[in-house]
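J.: Next up is a structure, given as C-alpha cells.
The values are calculated or read from the model by the stated rules, or taken from the named source; none is laboratory data. Everything numeric in this text was worked out from a predicted model, so none of it was measured. Please note: Cβ atoms are built from the backbone with ideal geometry, for glycine as well, and neighbour counts cover all protein chains shown. These area figures cover heavy atoms from the full protein model, side chains too; ligands, DNA and RNA do not enter into them. Shrake-Rupley method; radii C 1.70, N 1.55, O 1.52, S 1.80 Å.
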Amino acid sequence: MHKAGRLTAEALDEVVGLVRPGISTDVIDKAVFEFAMDHGAYPATLQYRGYTRSCCTSINHVVCHGIPDDKPLREGDIVNVDITLIVDGWHGDSSRMYCVGDVPRRAERLVEVTYESLMLGIRAIKAGAHLGDIGAAIQAHAEKERCSVVRDFCGHGVGRLFHDEPNVLHYGRVGEGPELKAGMIFTVEPMINLGRPHVKILSDGWTAVTRDRSLSAQFEHTVGVTETGCEVFTLSPKGWDNPAAARRG
Ligand code: MF3
Ligand code: CO
Ligand code: CO
C-alpha cells in the first residue's frame, strides 16, 4: 500500500505541470498511462467494467467518472483527476482538483471546502471510532459552508481489490456504522456540490453530473486505520495535495 499510494500521488503530482488552458484531458490520460508503464504499475480503471481510460477527468458540473476526451480545457475550469494505480497487486486510489488558469471565486471556494471536508473526515479516523464519524464530519463542514454532499457515490474498501467493503458514506451520524479496526484500508472521497446534491448519469453510462448543473468538486485519499489515527497512503511527496497546488496550473 505504501508503494501503490506513493506512486499514485506522484502521478497526480505529474498532472500539475500539464493542466493549462488549451490542453485536452486525453493528454492527461496518456501521461498517466505512460507514467504507470514507466514505473511498473497498471492503471486499475483500464478495462474496468468496460471503462477504457487510465484515469477519470471530471470538469466543472461533472461529479465523477468523467471520460478523458480531445476537448481543450478552458480558463476558469476546475477539473478533478482521479487515478488508481496497481503496484505489486495493491491499489492506490486518489484524486485532486486542478484549476485551469484563474477560476471564479465561487469555484475556488468550493475546491477549498471540499478539501477541508476530506481532511476533517480523515481526522475522525482511528481504531474504535465509527464509520459514521467520518461522514458526519464531512457533512457538517460542507453544509455549514452552504454546500451539499453527493449521496450516490461513496468511498470504499481498497487493497488487493479496487472496490471492496465497506462503503464509506460522506454523510451520517457520529457513532453510527461499523467500528473501525486497526489495519482496515479504505478511501475517503467526498463529492461536494455548490448547489443541490442530486446527480444523473449521461448516456455514455459513466459521466455523473449535477442535475442542477452546479459546480462539483472532489478530493480522494487512500488511508489505513491505526490505533491512534490513520496513515494516508496517497500523500504527495511534494506537498501538493491541497487547493494551493490545485491553483498552480
Ligand atoms: N477511481 C474511482 C474511485 O475513486 C473509480 C473509477 S472507476 C472508473 O473509486 F471505471 F470510472 F474509472
Ligand atoms: Co475510490
Ligand atoms: Co478514485
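J.: Compute the semi-axes of the equivalent ellipsoid of region 182-249, taking the square root of 5 times each eigenvalue of the Cα gyration tensor, and list them largest first in whole Å. Present the calculation step by step, with values, prior to reporting the outcome.
T.: Working: eigenvalues 161, 61, 24 Å².
So the equivalent ellipsoid measures 28, 17, 11 Å along its semi-axes.
J.: Given a 1.4 Å probe and every protein chain left where it sits, what share in percent of the accessible area of the chain is carbon and sulfur?
T.: 50 percent
J.: Beyond 24 Å, what share of the Cα-Cα pairs of region 135-249 remains, rounded to the nearest whole percent? Intermediate values should be presented prior to the final figure.
T.: On the way: 2203 of 6555 pairs.
Looking at region 135-249, the distances longer than 24 Å represent 34 percent of pairs.
J.: Further question on the same structure: With no solvent and one equal point scatterer placed on each C-alpha of the chain, evaluate the Debye formula and give log10 I(q)/I(0) for q = 0.13, 0.14, 0.17 Å⁻¹, two decimals.
T.: Log10 of I(q)/I(0), two decimals: -0.73, -0.85, -1.31.
J.: If you bin every alpha carbon distance in region 70-120 into 5 Å steps from zero, what whole percent lands in each bin?
T.: Calculated over all Cα pairs of region 70-120, the distribution is 4, 17, 20, 19, 16, 12, 8, 3, 0 percent.
J.: With only alpha-carbon atoms counted, please give the Rg and Dmax of region 14-115, in Å.
T.: Calculated on Cα positions, Rg and Dmax stand at 13.6, 42 Å.
J.: Roughly how many nanometres apart are two label points built 7 Å out from the Cα toward the Cβ at E145 and A244?
T.: 1.6 nm
J.: So what is the accessible area of region 141-249 per residue, in Å², with the probe set to 1.4 Å? Please list the in-between numbers first.
T.: Values: 5380 Å² over 109 residues.
With the other protein chains kept in place, region 141-249 gives 49 Å² per residue.
J.: Follow-up. In this model, which of K3/K30; K71/K200; K3/K126; K126/K238 are farther than 24 Å apart at the alpha-carbon?
T.: Among K3/K30; K71/K200; K3/K126; K126/K238, the Cα-Cα distance tops 24 Å for K126/K238.
J.: Hey, another quick one. Can you pull out the trypsin sites (Lys or Arg not before Pro) in region 194-249 that DSSP calls coil and that have at most 14 other Cβ atoms within 10 Å? Could the numbers behind the result be given before it?
T.: On the way: sites: K200, R211, R213, K238, R247, R248; in loops: R211, R213, K238, R247, R248.
Here the trypsin sites (Lys or Arg not before Pro) that fit, given the DSSP loop and packing criteria, are R211, R213, K238, R248.
J.: From the alpha carbon gyration tensor of region 12-65, can you work out the equivalent ellipsoid semi-axes (sqrt of 5 times each eigenvalue) and give them in Å, largest to smallest?
T.: Details: eigenvalues 68, 53, 14 Å².
In descending order the semi-axes read 18, 16, 8 Å.
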